[in-house]
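Below is one structure; the comments refer to it alone.
The values are calculated or read from the model by the stated rules, or taken from the named source; none is laboratory data. For clarity, every value in this text was computed on a predicted model and none was experimentally measured. Counting neighbours? That spans all protein chains shown, and the Cβs are built from the backbone with ideal geometry, glycine included.
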C-alpha cells in the first residue's frame with residue numbers, strides 16, 4: 001500500500017492555536033513545504049516575513065518556531081535592542097544569533113523540505129524528446145500487452161472449469177485477501193516466459209507478491225490451478241523460493257493459498273533432488289517459523305504428495321470444505337498400493353483434517369470464508385516490533401512520470417542526465433546531492449520516497465576511480481545512518497586503459513563492490529538502462545542481494561554489449577589466422593559477428609532475464625515511484641541491522657596519481673603533489689616512522705622529507721595575483737580597496753577549505769590534525785597552485801574559485817562607515833553639483849512597523865540609489881551603499897565570465913591597480929570600514945541574566961506589555977521584537 005496523506009490534517013500541533021487557525025500542510029496543499037506558513041495572520045509572521053525580504057543570504061530560511069514564540073510571549077525578548085545598548089554591548093546583532101533563523105531547524109517537521117527541488121531542463125517539444133517518447137511507448141505497450149495475457153492464466157477453458165467447481169481464481173483470491181483500497185506488488189510476472197518451448201506457463205504457474213492484510217505487510221504465494229493444474233515446474237519452485245527469501249530478508253509473514261497438484265512429473269529431474277529444489281520450500285517454512293516469521297496456509301484445492309507438508313508445517317492452516325484436500329498419496333496411488341477405493345474428500349478433506357487428523361486448524365465453507373478466516377488469523381499476529389513507519393505527509397514529484405519516456409527512450413546509446421529521472425521519482429523532486437563536483441559520472445545524494453529517506457546512487461556515465469571512491473564513501477555514510485539505498489543502474493562498466501589501471505581503477509572499483517556487498521541496509525536496484533560487466537556488480541546487481549531488483553523494458557543486461565562481444569571474438573579469430581599465416585575474410589567476419597550479436601541481444605533482453613528470475617519484475621517506468629514505495633515499505637518491517645565492512649585496499653601513491661588527473665594536472669610528478677599536500681606538523685607524528693595510518697603512506701620510505709611551507713606562500717601570491725587581475729578586468733569602475741576586499745574573501749581559509757573538500761584534498765592531506773583543519777586544507781590548496789604550473793593554476797582558479805562570486809554579498813564585503821560622504825565625493829569628482837538624500841515614503845513613527853524609503857539624487861533629477869529602513873539613518877546609509885555599488889558597475893545583471901572564455905582572456909592587461917578612494921575623496925572623509933569582527937553572535941541567555949542582575953535593579957522591570965495605541969495591532973512589547981532581527985546597518989535590501 002502506498003501511504004496517502006490524510007486530508008485536512010495539520011503537519012504539527014501548534015501551541016496556542018486552534019486547528020481552524022492552522023495551515024493543513026499535506027502534499028496536496030499549495031503551501032506545502034514553504035517556510036513561514038505555520039500561522040495565518042499573525043504579528044510575528046508579518047515581522048519575520050519583513051526580515052526575510054531584507055536578508056540577502058541564499059542559504060538562510062526563516063521559520064516560525066513555537067519555542068521562540070513562547071519565549072517572546074513571556075517577555076524574554078522585549079526591548080532586547082535597548083538592553084544591549086544599556087549594557088554597553090554592540091547594538092548590531094549577528095545573523096547567526098537569530099534563534100529562529102536557521103538552515104536546519106529543530107522545530108521543522110520535514111527535513112527534506114530544506115532540500116532544493118531539481119530544476120528540469122526537459123523540452124517536451126523537442127524532436128529528440130518526441131523520438132524517445134515514441135520508442136519507449138512502443139516497448140512499454142508491448143510489455144503491458146504481454147502482462148495482460150499472462151494475467152489471464154491458463155486460458156479461457158481452464159478458467160471456466162476452475163470457476164465451475166465453485167472456486168475463485170488465484171488473482172480474485174488475492175484481491176479478496178488484501179485490505180480494501182491497498183495495492184498488491186506482484187513479483188516476477190514474466191517468470192517462465194518462453195522458457196519451455198511451445199509450452200506456456202503464465203507467471204510460472206504461481207502468483208507471488210507483497211500485500212497488506214489486516215494492516216500487516218505480508219508475502220502472498222498463490223498457486224494458479226488454471227496453469228497445468230497448479231503443478232510445480234522448475235521456474236515455479238524458483239519463484240516460490242524467491243518469495244520465501246523476500247519474507248526472510250524483510251521479516252514478512254507468509255500466506256500460502258494452496259491449490260496445486262504437486263510436482264510436474266515429466267520435469268522431475270529439474271525439481272526434486274537438488275539443494276534449491278522442491279524440498280527447500282519446506283526447509284524454509286521450518287526455519288522461517290523458527291525465526292518468528294509467521295506461516296499461514298489456506299488449502300483451497302488439491303495439496304498432494306510433498307505439497308501436503310505446506311499446511312502441515314505452517315503455524316496455522318485453513319481448509320475449504322469440498323475443494324480443499326491434503327494427502328501424501330492420492331486416490332489412484334492408494335488404490336494401486338492397497339486396492340482401497342476412496343474419494344479425495346474422504347481421504348483428505350476438510351472434515352477429516354479438522355476433526356480427526358488435526359492437520360488443519362480452521363474449517364471454511366467457501367473460498368470467501370477461508371480468506372475471511374485468514375484475515376482474522378493475520379490480525380491476531382499483531383504488528384512487528386521495531387517496524388519503521390512511513391511519514392504521514394509527503395509531496396508528489398513536481399514533474400509528471402510520463403516524461404520519463406521522452407527523457408530516457410529505448411536507445412541506450414543516447415545520453416541523458418539521470419537527475420531528470422530522480423526528479424520524477426522522489427518526493428517533491430527534492431534531492432540533496434552528495435559530492436556534486438567530484439566523481440561526476442556517479443550521482444549520489446539523499447531524497448525521500450513517500451516520506452521515507454533513502455540514499456540514491458545513479459549512473460551518469462562510465463565509472464572512474466573517483467566515482468567508485470565517491471560511491472563507497474556514500475554507502476558507508478548511509479550504513480552508518482541506517483538509510484536504505486536505491487541504485488539506478490545505467491552502466492557500461494568501469495573505465496579501462498593504461499591511465500585508469502595505473503590510477504588504481506581495479507582497487508577503487510573493489511572498494512565500491514565491497515561496500516555494496518557488505519551494506520546491511522535495505523537495498524533496491526532498478527535497471528533503467530544498460531547493466532554490463534563489472535558495473536553490474538558495483539551497482540548492486542542480483543549477485544549482491546538487493547532486497548528487490550526491477551527492470552525497465554528498455555534495459556539490457558549482459559557481460560558486455562553484443563557488438564563489443566562480436567568485436568572481441570572476431571579479433572581473437574583474426575589474430576589466430578594471422579599467426580597461422582592465413583587470411584581472415586570479410587565474409588568470415590560477418591558470419592561470426594551476426595550470430596553473436598543476435599545471441600547477446602536475445603539473452604540481454606529484460607524478458608529473457610525476468611523469465612529466469614534474474615530480477616523481481618519488468619515494470620512500466622511510470623510506475624517506478626509506486627513500486628519503490630511498496631518495496632521500501634516491505635523492507636522497513638524490521639529494524640535495520642548494523643553494517644560491518646571488510647578490508648578496503650588503500651595505496652597513497654595511487655590516490656595521489658588519481659588526484660593529479662582529477663585536477664587536470666597529470667603531468668605533475670607525484671612527489672611534487674605529495675609535497676604540496678604535506679603540512680609541517682605531519683612530521684611530528686609518532687606513527688610516521690613506525691608506519692603511518694589514515695591518509696599517510698604505509699611505508700616510511702614513501703614519507704618524503706619536504707613540507708608545503710614555502711609552497712603555501714608562493715601559491716598565496718599566485719592566487720592573489722590572478723584574482724586581482726580577474727576582478728580588475730571585470731570591475732574596472734570599482735576602487736582598488738573594493739577589489740582587494742573581494743579577492744580577500746574569495747581566498748579566505750573558509751572558501752578554499754570548502755573547495756579543497758570538493759576536490760578531495762581533505763582525504764589526501766598529510767597533517768598531525770584529525771580531522772584536518774580548514775586552515776590546513778586551504779594551505780594545501782594554495783601549495784597546489786604553486787606546483788601545477790601557471791596555466792593550469794589559472795584554469796583551476798577560474799573553474800573552482802571565481803564561480804564563488806555568485807554567493808558573495810558585495811555590500812557586506814566593503815561596509816564603509818560613511819557611505820553617503822564617500823558617494824558624495826565620488827559624484828562631485830565626476831562633475832555633480834549637488835547630492836541630496838530625500839524621503840520617498842514613510843509609514844510614520846506611530847505605525848506598528850515604521851518603514852522609511854530614502855532615495856539619493858544627483859543634481860536634483862537623477863536617482864542614484866534608494867533603499868528602505870526602520871529609521872531615516874538606516875535607510876539613508878543603505879541607499880548610499882546601493883548608489884556606490886551602482887556607481888562601481890555592480891548591479892544584478894553584472895556578467896562575470898567563467899570557463900574557456902575567461903581562461904583564454906589575458907590577465908596581464910589587468911595587472912595595473914584601479915584607482916584608490918583616497919585619491920578621489922576629500923582628506924576629511926572617513927574611509928574606514930565597519931568593524932564586522934566585533935559583531936559577535938548574541939548569547940541570549942547571557943544577556944537576559946546580565947539584564948536581570950544589573951539593569952533591572954536600576955531601571956526596574958518593564959511594564960509595557962499591556963500598553964497599546966490606536967495604530968498598533970499588538971502591544972509595544974511585541975513591536976519591540978523587530979529589534980531582535982535588526983539588519984546590519986550596511987546591508988543592502
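Side notes on the structure shown:
A quick yes/no check of all residues on (1) part of a loop (DSSP other than H, G, I, E, B); (2) closer than 30 Å to residue 659 by Cβ:
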{"residue": "506", "(1), (2)": "no, yes"}
{"residue": "564", "(1), (2)": "no, no"}
{"residue": "570", "(1), (2)": "no, no"}
{"residue": "576", "(1), (2)": "no, no"}
{"residue": "581", "(1), (2)": "yes, no"}
{"residue": "588", "(1), (2)": "no, no"}
{"residue": "593", "(1), (2)": "no, no"}
{"residue": "600", "(1), (2)": "no, no"}
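- Every condition in (1) surrounded by 19 or more Cβ atoms within 10 Å (Cβ to Cβ); (2) outside any helix (DSSP H, G or I); (3) touching a strand residue (DSSP E or B) at 6+ places or on another chain (Cβ under 7 Å) holds for residue 381 except the one numbered (1).
- For residue 516, the conditions (1) out of contact with any strand residue (DSSP E or B) (no Cβ under 6 Å at 6 or more places or on another chain); (2) crowded, with 23+ Cβ neighbours inside 10 Å; (3) farther than 23 Å from residue 421 by Cβ are fulfilled apart from (3).
- Residue in segment 180-187 that is assigned to a loop (DSSP other than H, G, I, E, B), assigned by the TED database to the domain that holds residue 273 and modelled with pLDDT of 95 or more present: yes
- Unique match (being more than 17 Å from residue 213 (Cβ to Cβ), modelled with pLDDT under 95 and surrounded by fewer than 20 Cβ atoms within 10 Å (Cβ to Cβ)) among 329, 348: 329
- The listed residue being in contact with a strand residue (DSSP E or B) (Cβ under 6 Å, 6 or more places away or on another chain) and crowded, with 23+ Cβ neighbours inside 10 Å, out of 404, 457, 398: 457
- Every condition in (1) at pLDDT 90 or above; (2) crowded, with 20+ Cβ neighbours inside 10 Å; (3) touching a helix residue (DSSP H, G or I) at 6+ places or on another chain (Cβ under 6 Å) holds for residue 610 except the one numbered (3).
- Looking only at segment 489-500, and only at residues there that are touching a strand residue (DSSP E or B) at 6+ places or on another chain (Cβ under 7 Å) and surrounded by fewer than 24 Cβ atoms within 10 Å (Cβ to Cβ), the one that is nearest to residue 416 (Cα to Cα): 492
- Count - residues of segment 514-539 that are part of a loop (DSSP other than H, G, I, E, B) and closer than 19 Å to residue 496 by Cβ: 1
- Selection count where residues are modelled with pLDDT of 95 or more and closer than 20 Å to residue 322 by Cβ, scope segment 136-158: 0
- Residues of segment 469-485 satisfying the condition of being touching a strand residue (DSSP E or B) at 6+ places or on another chain (Cβ under 9 Å) and part of a helix (DSSP H, G or I): 470, 471, 473, 474, 475, 477, 478, 479, 481
- Restricting the search to strands (runs of 3 or more DSSP E) fully inside segment 279-331 and requiring at least 2 residues that are under 19 Å from residue 250 (Cα atoms) and under 42 Å from the mean Cα position of the chain (by Cα) gives 295-304.
- Residue match in segment 419-434 (condition: in contact with a helix residue (DSSP H, G or I) (Cβ under 6 Å, 6 or more places away or on another chain) and in a strand (DSSP E or B)): yes
- Scanning segment 205-228 for residues that are in contact with a strand residue (DSSP E or B) (Cβ under 9 Å, 6 or more places away or on another chain), closer than 23 Å to residue 160 by Cβ and not in a loop (DSSP other than H, G, I, E, B) returns 205, 206, 207, 222, 223.
- Residue-level analysis places residue 438 outside the set of residues that are free of Cβ contacts under 8 Å to residues at least 24 places away in the same chain, surrounded by 18 or more Cβ atoms within 10 Å (Cβ to Cβ) and farther than 30 Å from residue 299 by Cβ.
- A single entry from 747, 707, 753 fulfils the requirement of being surrounded by 15 or more Cβ atoms within 10 Å (Cβ to Cβ), under 23 Å from residue 678 (Cβ atoms), touching a strand residue (DSSP E or B) at 6+ places or on another chain (Cβ under 8 Å) and touching a residue at least 12 places away in the same chain (Cβ under 8 Å): 707.
Condition check ((1) closer than 30 Å to residue 880 by Cβ; (2) buried (at least 21 other Cβ atoms within 10 Å of the Cβ)) across all residues:
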{"residue": "776", "(1), (2)": "no, yes"}
{"residue": "791", "(1), (2)": "no, no"}
{"residue": "797", "(1), (2)": "no, yes"}
{"residue": "812", "(1), (2)": "yes, no"}
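- Yes/no for residue 789 being over 25 Å from residue 930 (Cβ atoms) and at pLDDT 85 or above: yes
- For the criterion of being touching a residue at least 40 places away in the same chain (Cβ under 8 Å), in the same structural domain as residue 543 (by the TED database) and under 29 Å from residue 440 (Cα atoms), residue 631 passes.
- Odd one out for residue 322 among (1) touching a strand residue (DSSP E or B) at 6+ places or on another chain (Cβ under 8 Å); (2) in contact (Cβ under 8 Å) with a residue 60 or more places away in the chain; (3) under 20 Å from residue 170 (Cα atoms): (1)
- Members of segment 501-512 found to be buried (at least 20 other Cβ atoms within 10 Å of the Cβ) and free of Cβ contacts under 8 Å to residues at least 60 places away in the same chain, listed by number: 505, 509, 512
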